[in-house]
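Following: one structure in structure tokens, then a few remarks.
The values are calculated or read from the model by the stated rules, or taken from the named source; none is laboratory data. Not measured: the values here are computed from a predicted model. Cβ coordinates were reconstructed from backbone atoms using ideal geometry, including for glycine residues, and neighbour counts include every protein chain displayed. Surface accessibility is based on the protein's heavy atoms, side chains included, excluding ligands, DNA and RNA. Shrake-Rupley method; radii C 1.70, N 1.55, O 1.52, S 1.80 Å.
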Protein chains: 2
Amino acid sequence: MYPVEKNRFQVRKLEITDKSKGFIELLQQLSVCDSVSDKQFEERFLELNSYGDDHIVCVIEDDRSGKIIATGSIFIEKKFLRNCGKVGHIEDVVVDASARGMQLGKKIIKFLTDHAHAVGCYKVILDCSLGNKAFYEKCGLKQKGIHMTMYFV
Amino acid sequence: MYPVEKNRFQVRKLEITDKSKGFIELLQQLSVCDSVSDKQFEERFLELNSYGDDHIVCVIEDDRSGKIIATGSIFIEKKFLRNCGKVGHIEDVVVDASARGMQLGKKIIKFLTDHAHAVGCYKVILDCSLGNKAFYEKCGLKQKGIHMTMYFV
């Protein structure tokens, strides 16, 4: 394997130019995301960016196709519990359907958990379907309870 | 029932003086919270306060005893998904052991979900044990999946 291959799928932070590289289309594989205008994207990007280490969106770009093929995010909750502790919440993890089986999801989770650890969180948490439990167990997470929701729309 | 009784258990936002009213001791009924100094409390309080509507801690004070007997928090996550939507994350809901059965937990959840709705979230989510599922169903939430964790300490 050539060195270039070894570094082919690096995780990096989301950049403002990633909208044109299929970032929104990738999110559509996970949930509803009909239409995000360039202006909306830029506003949300800058807002999240202003949170610094407290909210990170990471991506993997396929440098051959120039497409974003994996992503995940984490934000840091500040608590009074656990002696004013911090918790990392992992959200919106998705790997492009054509890029599964290459451990990209695992790389995304490692990047996000490393970040949480580095900023002093005492734990990371995430919610998933029962079908994804085995994947997250391979990433080092354990089931703790259940996930409840209330939709307004 | 006198009018004063009807308004006895009002939900309000956390105030900086609530530490001396047993707020930390109440959290200890939920999870580890050994020692929070006045300075630590004040710093975290001011930090959360600076987030405005994006992070709310609410409490119920028993005006007879002057003690905080219920609490819960919510923070608002900004996403790209759902057309740059927002999600309310409910955390750290606890009712004092001596004040159970008075629907205080339900009042806390209603306050937090009303807040999420008012600021334009498309849903609220929370994680709990299987044992608390029935309570949250009475509050209008439904189980969607499972909750995974990774502890660093």
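For the range A:20-31: of the residues being of a type outside the set (A, V, I, L, M, F, W, C) and open to solvent by less than 80 Å² (accessible area, probe 1.4 Å), which is nearest to the other protein chains (Cβ to nearest Cβ)?
Within the range A:20-31, the match that is nearest to the other protein chains (Cβ to nearest Cβ) is A:Ser31.
Sort out which residues of the range B:74-104 are at the interface with another protein chain (Cβ under 10 Å from one of its Cβ atoms) and part of a helix (DSSP H, G or I), and write them in order of number.
B:Leu81, B:Arg82, B:Asn83, B:Cys84
Among the hydrophobic types (A, V, I, L, M, F, W, C) and on the phi > 0 side of the Ramachandran plot: is that true of B:Cys84 in this structure?
yes
Could you list, ordered by first residue, the pairs with Cβ atoms under 7 Å in which the first is in the range B:28-42 and closer than 11 Å to A:Cys84 by Cα and the second is surrounded by fewer than 14 Cβ atoms within 10 Å (Cβ to Cβ), at least 6 apart or interchain?
B:Glu42/B:Ile16
Any idea how many residues of the range A:32-55 are within 25 Å of A:Tyr151 (Cα to Cα), more than 7 Å from every other protein chain (Cβ to nearest Cβ) and open to solvent by 60 Å² or more (accessible area, probe 1.4 Å)?
Summing the residues that are within 25 Å of A:Tyr151 (Cα to Cα), more than 7 Å from every other protein chain (Cβ to nearest Cβ) and open to solvent by 60 Å² or more (accessible area, probe 1.4 Å) in the range A:32-55 gives 1.
Looking at B:Ile69, B:Ile74, B:Ile90, can you tell me which residue is farther than 30 Å from A:Leu14 by Cβ, at pLDDT 95 or above and surrounded by 20 or more Cβ atoms within 10 Å (Cβ to Cβ)?
Going through B:Ile69, B:Ile74, B:Ile90 in turn, the sole match is B:Ile69.
Among what's in the range A:111-121 and is hydrophobic (A, V, I, L, M, F, W, C) and part of a helix (DSSP H, G or I), pick the residue that is surrounded by the fewest Cβ atoms within 10 Å (Cβ to Cβ).
A:Ala118
What is the one condition in (1) closer than 13 Å to A:Lys78 by Cβ; (2) part of a loop (DSSP other than H, G, I, E, B) that B:Arg44 does not satisfy?
(2)
Which residue is surrounded by the fewest Cβ atoms within 10 Å (Cβ to Cβ), if the candidates are limited to the range A:122-147 and must be of a type in the set (Ser, Thr, Tyr) and either closer than 20 Å to B:Leu130 by Cα or within 16 Å of the chain's Cα centre (by Cα) (or both)? Please lay out each step first, then the result.
Going residue by residue through the range A:122-147, those that are of a type in the set (Ser, Thr, Tyr) are A:122, A:129, A:136.
Next cut, either closer than 20 Å to B:Leu130 by Cα or within 16 Å of the chain's Cα centre (by Cα) (or both) only: A:129, A:136.
Numbers: A:Ser129: 10, A:Tyr136: 22.
So, considering only residues that are of a type in the set (Ser, Thr, Tyr) and either closer than 20 Å to B:Leu130 by Cα or within 16 Å of the chain's Cα centre (by Cα) (or both), the one surrounded by the fewest Cβ atoms within 10 Å (Cβ to Cβ) is A:Ser129.
Consider B:Arg12 against the criteria (1) surrounded by 15 or more Cβ atoms within 10 Å (Cβ to Cβ); (2) touching a Cys at 6+ places or on another chain (Cβ under 7 Å); (3) closer than 27 Å to B:His117 by Cβ: it satisfies all of them except one. Which criterion is unmet?
(1)
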